[in-house]
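Notes follow the structure.
The values are calculated or read from the model by the stated rules, or taken from the named source; none is laboratory data. It should be emphasised that the depicted structure is a prediction, and the values quoted were computed from it without experimental measurement. Cβ sites come from the backbone with ideal geometry, for glycine too, and all protein chains shown count toward neighbours. The area values use the complete protein model at the heavy-atom level, side chains included, leaving out ligands, DNA and RNA. Shrake-Rupley method; radii C 1.70, N 1.55, O 1.52, S 1.80 Å.
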Amino acid sequence: MEPSPQNLILINANIITLDPFCPRATWVAIENDKIVATGYGKDWEKLRDKNTGILDCSGKTVIPGLIDAHLHLVSYAKSFLTSDLSPDKNVHSISDIQSAIKNCSRSRPPGQWIFGRGYNEFYLAEKRHPNRWDLDQVVPDHPVRLTHRSGHAHVLNSIALKLVGITRETGDPEGGMIERDLKTGEPSGLLYEMGDFLVDRIPPLAPAALEKGLQSANQELISMGVTSIQDASSRNDAEQWDLLKLWKKSGILHPRMNLMMGIYAFNKNNTQYRLNELNQNQLRLGAVKIILDDTTGRLHPSQSELNEMVVEVHHAGQQIAIHALEEKTVKAACEAIQFALEKLPVKDHRHRIEHCSVCPPDLARKVASLGISVVTQPAFIYFHGERYLNTVSDEQLKHLYPIRTLFDHGIHVAASSDGPIVPPDPLIGIHAAMHRLSATGEIVGGREKIQFTAALQMYTLNAARATFEETIKGTITPGKLADLVVLNADPTQLAADEFRNLQVDKTIIGGKVVWERKHNAMSYM
Ligand SMILES: [Zn+2]
């Protein structure tokens, strides 16, 4: 890859700008890290001098840089270091899981942790989660932790349970659940909503190992055209901020970052985020993240606790992002935000609901009336669609990821992958939002299809708006950051079955080509 010059003009391009004043263009000029002009035909020539780099796009399509509005970067980096037990990797039974972890154990000394992720009981022949005894059979001397595809359940073998201090006597922690054998009361190894509990008790990865995972994660992200990430991890705190800053400074992480802060870090009044030490367009502090769940059949936190949290964050002038999947939790999130707004009205608060997975029209009306944005995951339809069709009730299926309904109610909808839950490929998400097709080719909620432009907007302008960054990101407009993606085909001209061939050719962040597909015809003149 040649070094990008300070001034660069992309020419002969089919540019989808998403800028309503100038929706299409054939060239875009960049100075340093910003877009300075766009236009048609040959009028770019007058901007050119001897130091200007020219990138001839040979008619290819250029779109604004893609933004993943909800991803867990450290978990995504770690996913490159753990054994992938998803159905895509041909794991179709508990014995497949057993052979995979047995294999891992061969290369490590007893006592060293083994991590597996992405198992999906729906696709296992036994149609159940594995348990400690399944794991003990093959790996008795290494602690094992498997993470369910959702990230919300884990399975530990006996030695791992012992190391984290879970015995028959251990009570369920707040918000979590230890599954037990009905007869003996012995923990089965399956733990629900206990990720935080485990993180505190399992030794962290060595920094060098994590950095290796991050390099792979970065490579994947830029190859998918992702130029900005909003990290939604509820455990984010000052330590994560420092880690991100380090990664940003060392240049191993290309996409721009927005780091949400967990509610517990916020409550500790952690104000040591030294924003000025780094270019703010590289790393910014985002919303305060609150997890609201209903796994155990009652709200956690309770409605009154949630109201209190939301009021506190809202009064501090901070944006709030509430994780809410079910109708019940989405309602509770709305109620808490309404409660805070009644006490202190704020016009442009941009509080967000993350996921909002089940949302009938009545509830969408409520979300809209409160000015709440939604951050949805269209690619779940592609990756989980078959399971939804088989396991979700018809009543809920009607209102599952109802993206069109949300748009129709005037809600600002941004899109994301929730990576590593599914691969963070925005083109798959755009495809799923447009065609509502699962990987197996079945239609999931066909009435909720949206047009290409709206789908692209969820990954660009609307995602930028979700972090108050729409004046610097999200469209190809002079003055904004030069984050651009060159595609191998024009997505507006592709049929549903051709869309999966759509690929990113080049990713440009701040005017620099950070990634390009090998063997393509484009070149610098
Ligand atoms: Zn998430």
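Each peptide in 87-95, 38-46 gets a packing score, the mean of other Cβ atoms within 10 Å over its residues, and the list from highest to lowest is 87-95, 38-46.
A cut-off of 5 Å between modelled amide H atoms, ignoring neighbours fewer than 5 places along the same chain, links Ala153 with His148, Glu193. Per residue, the solvent-accessible area of the chain (1.4 Å probe, heavy atoms of protein chains only, all protein chains present) comes to 42 Å². Would you mind calculating the gained length between Asp172 and Asp394 on full extension (0.36 nm times residue separation, minus the Cα-Cα distance), in nm to one decimal? That pair, Asp172 and Asp394, stretches by 76.7 nm at full extension.
Past the 27 Å Cα-Cα mark, which pairs from Lys347/Lys449; Lys89/Lys331; Lys60/Lys289; Lys46/Lys249; Lys245/Lys449; Lys89/Lys212? Mind dumping the intermediate values first?
Details: Lys347/Lys449 30 Å; Lys89/Lys331 37 Å; Lys60/Lys289 39 Å; Lys46/Lys249 36 Å; Lys245/Lys449 39 Å; Lys89/Lys212 22 Å.
The pairs that break the limit, which is 27 Å between Cα atoms, are Lys347/Lys449; Lys89/Lys331; Lys60/Lys289; Lys46/Lys249; Lys245/Lys449.
What relative contact order, as a whole-number percentage, does the chain give when Cα pairs under 8 Å and 6 or more residues apart are counted?
19 percent
Rounded to the nearest whole Hz, the Karplus-based 3J(HN,Hα) values (6.51 cos²θ - 1.76 cosθ + 1.60, θ = phi - 60°) of the stretch 243-253 follow the sequence 5, 4, 4, 4, 4, 5, 5, 7, x, 7, 10, with x at glycine and proline. Let me know the shape class of the stretch 411-525, please: from the alpha-carbon gyration tensor, a ≥ b ≥ c as square roots of the eigenvalues, rounded when a/c is under 1.5, otherwise prolate if a/b is greater than b/c, or oblate. Oblate, since a/c reaches 1.5 and b/c is not below a/b.
Classify the stretch 127-224 as rounded, prolate or oblate from the Cα gyration tensor: take a ≥ b ≥ c as the square roots of its eigenvalues, call it rounded if a/c is under 1.5, otherwise prolate when a/b beats b/c and oblate if not. If you can, show how the numbers build up before the last one.
Numbers: a/c = 2.00, a/b = 1.94, b/c = 1.03.
Because a/c hits 1.5 or more and a/b exceeds b/c, the stretch 127-224 counts as prolate.
Can you give me the % of accessible surface on the chain that is carbon or sulfur? Probe 1.4 Å, all protein chains present, nothing else counted.
On the way: 11090 of 22080 Å².
Carbon and sulfur atoms account for 50 percent of the accessible area of the chain.
Ranked by solvent-accessible area (1.4 Å probe, protein heavy atoms only, all chains present), the residues Asp172, Asp181 order from largest to smallest as Asp172, Asp181. Please state the shape class of the stretch 359-416: rounded when a/c is under 1.5, otherwise prolate if a/b exceeds b/c and oblate if not, all from the C-alpha gyration tensor. Here the stretch 359-416 falls in the oblate category. Add +1 for every Lys or Arg and -1 for every Asp or Glu among the other residues with Cβ under 13 Å from the Cβ of Leu221, and state the total. Every neighbour counted, the sum reads -4.
Could you give the alpha-carbon Rg of the stretch 77-185 over 2.2 N^0.38 Å, rounded to two decimals? Show your work: numbers first, answer last.
Values: Rg = 13.6 Å, N = 109, 2.2 N^0.38 = 13.1 Å.
Its radius of gyration relative to the 2.2 N^0.38 Å reference: 1.04.
Using alpha carbon coordinates only, what is the Rg to Rh ratio of the chain, with Rh defined as the Kirkwood radius? It would help to have the intermediate numbers written out before the result.
Details: Rg = 23.5 Å, Rh = 24.1 Å.
The Rg/Rh ratio comes out at 0.97.
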